[in-house]
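The next block holds one structure in the form of C-alpha cells; read it before the comments.
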Amino acid sequence: MLRKQARWERIGTNAIPALLAHPDWDSGESVPFVIWMHGRTVNKELDPGRYLRWIRAGIGVCAVDLPGHGERFIKTMQEPEAALEVVLQMTEEIDQIVATIGEMKEFDSKRMGIGGMSVGGMAAIARLCSDHPFRCASVEATSGSWNDQKHRPMFRDCDENDIATLNPLNRLEHWREIPFQAFHARYDEWVPYEGQKRFIEALRNHYLQPELVEIITYEHTGAPFEHAGFGKMAADAKQRQTEFFASILL
C-alpha cells in the first residue's frame with residue numbers, strides 16, 4: 001500500500017537514500033511533511049504503518065537511511081561503538097535534505113516537522129540545538145541528556161569534556177520554542193528513561209510556554225528491551241504522533 005504512494009530517491013550532495021511519500025502525487029498540491037530518521041541496525045522502510053498514517057492525514061514523508069544503514073550499508077557502522085559517528089554525520093546531513101526537498105513543488109518547506117527513533121531521535125534533537133526551519137518535532141526512545149548515555153559503547157572514546165560539549169542538555173540556549181513531543185518506555189533497557197525525563201524538564205524550564213513540551217510514558221510494552229517499537233503500545237504511539245503532526249502542520 002505504501003509503495004503506491006512512495007518514491008525512492010537519492011537526495012543532497014551525499015546522495016542520501018530517501019523514501020518520499022505524498023498523499024497524491026498527481027494532485028499538484030504542496031503538502032506539509034516530516035523528515036524521519038530510524039534507529040540503529042534497521043532502515044527507512046522499517047515502519048510503513050507510520051508513514052501510511054501520515055499520508056492518510058495529508059502529511060508527506062521524507063524517511064532517510066542513516067549513515068551506514070539501508071541502501072548505504074556498512075557493517076562497521078551498524079555496531080554500537082559507531083552510533084555517535086552515525087548521529088553526528090546524520091545531524092550534518094539534515095540541512096542537505098531540507099535544501100533538496102525545499103526545491104520540490106510537492107512539499108511545503110514552510111510546514112516541516114522532524115523526528116526520529118533512538119539514534120535517529122538523537123540526531124533530530126542535536127539539530128534542533130541551532131537555528132533551524134522546523135515547525136515541530138517528535139522523537140521516540142531517545143535522549144537529549146547524553147551524559148546519561150556515557151556508559152554506552154558509543155561514548156567509549158569520549159572524555160567528559162567531549163560529552164559535555166556535544167550534550168544537547170547543555171546547548172539549550174539556541175533552542176527555538178517549538179512544539180516538542182517525546183515517547184519513552186519507563187523500563188527502556190538501552191536508553192534510560194530518567195535521562196530523557198531530565199532533558200524534558202530542562203526543555204520545559206527553557207520555554208515560555210512549557211505546555212508545548214510533552215513526554216508520553218509507557219509502562220511495560222512487551223517490546224524487545226522495552227526499546228524498539230513500543231510493543232503493544234505501538235498503535236497508540238503512532239496515532240498520537242500523527243495527531244500531533246497534523247494539529248501543527250495542517
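FYI, it's all coordinate maths here, none of it is from the lab. For clarity, every value in this text was computed on a predicted model and none was experimentally measured. When we count neighbours, we look across all protein chains shown, and the Cβ atoms used for this are built from the backbone with ideal geometry, even at glycine.
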field: Charged-residue dipole, Cβ positions (Lys, Arg, Asp, Glu), the chain about Cα centre, Debye nearest 20
entry: 600 debye
- line: Rounded to whole angstrom, the alpha-carbon centroid of region 175-191 lies from that of region 93-149 at a distance of 14 Å
- request: Work out the length of the dipole vector of region 172-250 about its Cα centre, built from +1 on the beta-carbon of each Lys and Arg and -1 on the beta-carbon of each Asp and Glu, and round it to the nearest 20 debye.
  value: 120 debye
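Compute and list, largest first, the equivalent-ellipsoid semi-axes of region 2-249 from the alpha carbon gyration tensor, each √(5λ) rounded to a whole angstrom. Walk me through the numbers on the way to the answer.
On the way: eigenvalues 135, 80, 68 Å².
Result for region 2-249: semi-axes of 26, 20, 18 Å.
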query: Most mobile of L203, L46, L128 per a Gaussian network model of the chain (Cα springs, under 10 Å)?
result: L46
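What FRET efficiency comes out for Q78 versus N14 if R0 is 22 angstrom and r is the Cβ-Cβ distance? Round to the nearest 0.05.
Computed FRET efficiency for Q78 and N14: 0.75.
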- request: With a/c under 1.5 counting as rounded, go ahead and sort region 192-250 into rounded, prolate or oblate using the C-alpha gyration tensor (a ≥ b ≥ c being the square roots of the eigenvalues; past the cut-off, prolate if a/b is larger than b/c, else oblate).
  value: oblate
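Taking the radius of gyration and the Kirkwood hydrodynamic radius from Cα positions alone, what is the Rg/Rh ratio for region 158-236, to two decimal places?
Details: Rg = 14.3 Å, Rh = 13.9 Å.
Ratio value, two decimals: 1.03.
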Debye equation applied to the C-alpha atoms of region 1-68, log10 I(q)/I(0) at 0.19 Å⁻¹: -0.70
message: Positive end of the dipole of the chain, charges at C-beta (+1 Lys, Arg; -1 Asp, Glu), about the Cα centre: which of A234, Q5, I200 has its Cα farthest in that direction?
response: Q5
- prompt: Whose amide H sits under 5 Å from the amide H of G60, counting only residues 5 or more places off or on another chain, with H placed in the peptide plane?
  reply: F33, V34
- prompt: What are the residues whose amide H is under 5 Å from the amide H of I16, where those residues sit 5 or more places off or on another chain and H is modelled from the backbone?
  reply: I11
- line: Note to self: C-alpha centroids of region 1-45 and region 202-246 sit apart, in Å, by 23 Å
statement: If N is the residue count of region 98-146, its Cα Rg over 2.2 N^0.38 Å rounds to 1.22
statement: Using alpha-carbon coordinates alone, the radius of gyration and Dmax of region 62-129 in Å work out to 12.7, 39
- line: With the 8 Å Cα cutoff and a minimum separation of six or more residues, region 2-249 has a relative contact order in percent of 17 percent
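Sum -39500 (n - 2.57) across every DSSP H segment of at least 4 residues in the chain, then divide by the residue count to get the 222 nm mean residue ellipticity, nearest 500.
Details: 7 runs with 78 residues, N = 250.
After summing the helix terms and dividing by the residues of the chain, the value is -9500 deg cm²/dmol.
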field: Full-extension gain in nm, S130 to L88, via 0.36 nm per residue minus C-alpha separation
entry: 13.7 nm
- prompt: Given the options T100, T91, T142, which has the most mean-square fluctuation in a GNM of the chain, springs set between C-alpha atoms less than 10 angstrom apart?
  reply: T100
statement: If the chain between E160 and L2 were fully extended at 0.36 nm per residue, the gain over the current Cα-Cα distance would be 52.5 nm
- prompt: Which one of A185, A137, A82 has the biggest mean-square fluctuation once the chain is modelled by GNM with Cα springs under 10 Å?
  reply: A82
